[in-house]
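What follows is one structure encoded as structure tokens, with my remarks underneath.
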Amino acid sequence: MTITKTPEAPSSPRDAATLNKLLFVKLMPLLIAAYVLSFLDRTNIALAKHHLDVDLGISAAAYGLGAGLFFLTYALSEVPSNLIMHKVGARFWIARIMVTWGLISAAMAFVQGETSFYVLRLLLGIAEAGLFPGVMLYLTYWFGREQRARATGYFLLGVCLANIIGGPLGAALMQLDGLFGWRGWQWMFMLEGLPAVFFAIVVWKKLPDRPSKATWLSPAEAQQIERQLASEAEEGAGHGGHSLKQCLTPQILLAIFVYFCHQITIYTVIFFLPGIIGEYGDLSTVQVGLLTSLPWIAAAVGAVALPRFANTPQRSRRMLVTGLLTMAIGLAIASLAGPVISLLGFCISAVMFFVVQSIIFLYPASRLKGAALAGGLGFVNCLGLLGGFVGPSVMGLIEQSTGNAMNGMKVIAVVLVVAAIAALRLRQGHERVLPQEPIKGARQISG
């Protein structure tokens with residue numbers, strides 16, 4: 001079928017650097033905005049933790065379980081969601097995800113106790129499932145391996161922005177306490193949930209499924225991008241990369257383990273940092289929100305500045321291991337020091353949060369293709385995100401049994417060191433080059 005291009009597309013192909021810049025400008029703002037809304041809606045319960053306890057009797061252990069239950073259904077729904085997106089296209093499926101999660105997040109305003117809290121968190125996980133691995137798959141349609149870590153880093157900037165603005169925004173919305181008889185946390189859930197529904201319309205209108213569907217690319221440019229990416233996929237995945245069985249190879253299972261440890265860290269910090277900061281002294285909700293944003297500013301700097309250097313297999317692996325160890329050191333400092341140094345420790349750790357995450361997904365993407373790539377990225381995210389269930393759940397139990405959330409941070413620091421040791425064994429698909437079948441420009445590496 002011939003694709004009709006609007007006058008926005010040029011008559012002659014642009015050079016590679018200009019084309020890459022155009023892809024970033026056209027695609028990343030939409031994807032980042034979607035992820036900002038996603039994280040606001042899945043993590044805003046962190047600011048409501050104390051109020052849910054006071055108003056509804058939801059204890060620290062119940063809160064931790066509810067926070068983690070989101071990831072249970074999210075993980076179970078990841079693979080089918082990504083396979084559906086592979087068939088129906090990113091534009092429709094991402095818009096569908098946004099509408100359903102926005103409505104369910106807004107419905108959190110009507111929580112009555114532990115049971116309804118658990119049910120809505122489970123439903124929110126189902127609704128939002130597929131967004132992150134879907135975008136990871138979507139980026140493979142547009143960016144080669146040298147640019148993909150950078151694109152992923154920019155996408156993960158959405159998490160940082162959500163946590164930077166989430167604290168002050170949520171605190172401000174909770175100042176509406178008493179308006180029309182609603183509690184402040186109810187206003188927060190409602191007014192942070194509905195924007196996702198409206199932004200889904202923008203995604204539907206503006207996000208092209210593939211280069212061949214983009215009106216701002218010429219047919220020659222679209223073909224050039226798709227041909228280059230198809231060649232890279234063949235080079236990395238070899239002859240077996242189409243099979244979903246490839247998801248069970250040792251290298252992909254190793255990537256899942258590293259990601260699992262990473263996600264334990266991320267979501268434990270997200271859900272418990274406001275409570276930890278609240279224990280620093282006599283602070284208002286607004287002050288807690290502002291201080292909570294500081295580590296995420298550090299994470300934003302890392303997400304923008306560092307992933308671009310992960311442009312070779314060797315650099316990627318070094319940055320991955322260094323990032324995990326830096327996260328461990330930061331959390332160790334946070335767990336042992338007083339308030340000021342503790343907050344600095346969280347900032348040190350946060351710098352590498354999304355540098356690590358942007359690199360991890362290079363490994364499965366370099367070994368899979370076609371439907372196996374769609375299902376495989378969902379599979380990696382599915383099992384890795386179980387860390388988002390384990391971390392908050394265990395953290396809630398540790399806090400309730402010991403009275404000190406920092407004891408959990410010490411455990412997570414040890415987990416990160418183990419993950420760093422495991423990451424030393426990771427190899428990207430195109431590192432496995434056979435001597436009799438050399439790939440032009442690739443360095444032969446054992447392992």
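Numbers for the structure displayed
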read-out: Verdict on Thr265 being within 30 Å of Ala374 (Cβ to Cβ) and touching a residue at least 24 places away in the same chain (Cβ under 8 Å); value: yes
read-out: So Leu19, is it at pLDDT 85 or above, surrounded by fewer than 22 Cβ atoms within 10 Å (Cβ to Cβ) and part of a helix (DSSP H, G or I); value: yes
read-out: Matching residues in segment 319-344 - criterion: being modelled with pLDDT under 95, assigned to a helix (DSSP H, G or I) and not hydrophobic (A, V, I, L, M, F, W, C); value: Ser335, Pro339, Ser342
read-out: Residue within segment 84-100 that is within 28 Å of Lys206 (Cα to Cα), modelled with pLDDT under 85 and either more than 24 Å from the chain's Cα centre (by Cα) or part of a helix (DSSP H, G or I) (or both) present; value: yes
read-out: Long-range neighbours under 7 Å by Cβ, at least six apart or interchain, first residue more than 21 Å from Cys347 (Cβ to Cβ) within segment 400-413, second surrounded by 15 or more Cβ atoms within 10 Å (Cβ to Cβ) and not aromatic (Phe, Trp, Tyr); value: Gln400/Ala60; Gln400/Ala61
read-out: Subset of segment 235-253 [at pLDDT 70 or above and either surrounded by fewer than 17 Cβ atoms within 10 Å (Cβ to Cβ) or in contact with a strand residue (DSSP E or B) (Cβ under 8 Å, 6 or more places away or on another chain) (or both)]; value: Leu248, Thr249, Pro250, Leu253
read-out: Criterion violated by Gly396 - all others in (1) closer than 18 Å to Thr312 by Cβ; (2) modelled with pLDDT of 75 or more satisfied; value: (1)
read-out: Subset of segment 67-84 that is among the aromatic types (Phe, Trp, Tyr) and under 16 Å from Gly396 (Cα atoms) - its residue that is surrounded by the fewest Cβ atoms within 10 Å (Cβ to Cβ); value: Phe71
read-out: Candidate set from segment 279-314 (those that are surrounded by fewer than 24 Cβ atoms within 10 Å (Cβ to Cβ) and of a type in the set (Phe, Trp, Tyr)); member that is modelled with the lowest pLDDT; value: Tyr280
read-out: Any hit, segment 46-66, residues being of a type in the set (A, V, I, L, M), within 18 Å of the chain's Cα centre (by Cα), crowded, with 19+ Cβ neighbours inside 10 Å and modelled with pLDDT of 85 or more; value: no
read-out: Flag if Phe271 is surrounded by fewer than 21 Cβ atoms within 10 Å (Cβ to Cβ), of a type in the set (Phe, Trp, Tyr) and within 30 Å of Pro29 (Cβ to Cβ); value: no
read-out: Within segment 323-348, tally of residues that are within 16 Å of Val258 (Cβ to Cβ) and touching a residue at least 60 places away in the same chain (Cβ under 8 Å); value: 4
read-out: Qualifying positions in segment 85-109 - free of Cβ contacts under 8 Å to residues at least 60 places away in the same chain and surrounded by fewer than 18 Cβ atoms within 10 Å (Cβ to Cβ); value: Lys87, Val88
read-out: Among the candidates Ile201, Ile126, residue that is closer than 19 Å to Pro29 by Cα, in a helix (DSSP H, G or I) and over 14 Å from the mean Cα position of the chain (by Cα); value: Ile201
read-out: Ile276, sole failed condition from (1) of a type outside the set (Ser, Thr, Tyr); (2) at pLDDT below 90; (3) over 18 Å from Asn407 (Cα atoms); value: (3)
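Per-residue answers, yes or no, for (1) within 26 Å of Arg42 (Cα to Cα); (2) in contact with a helix residue (DSSP H, G or I) (Cβ under 9 Å, 6 or more places away or on another chain); (3) surrounded by fewer than 21 Cβ atoms within 10 Å (Cβ to Cβ); (4) not aliphatic (A, V, I, L, M):
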position: Ser316; (1), (2), (3), (4): no, yes, no, yes
position: Gly338; (1), (2), (3), (4): no, no, yes, yes
position: Ser358; (1), (2), (3), (4): yes, yes, no, yes
position: Pro364; (1), (2), (3), (4): yes, yes, no, yes
position: Ala374; (1), (2), (3), (4): yes, yes, no, no
position: Val390; (1), (2), (3), (4): yes, yes, yes, no
position: Leu397; (1), (2), (3), (4): yes, yes, yes, no
position: Asn404; (1), (2), (3), (4): yes, yes, yes, yes
position: Leu424; (1), (2), (3), (4): no, yes, yes, no
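The values are calculated or read from the model by the stated rules, or taken from the named source; none is laboratory data. Every value quoted in this text rests on a predicted model; they were computed, and no experiment measured them. Because the Cβ atoms are built from the backbone with ideal geometry, glycine has one as well, and the counts that use them run over all protein chains shown.
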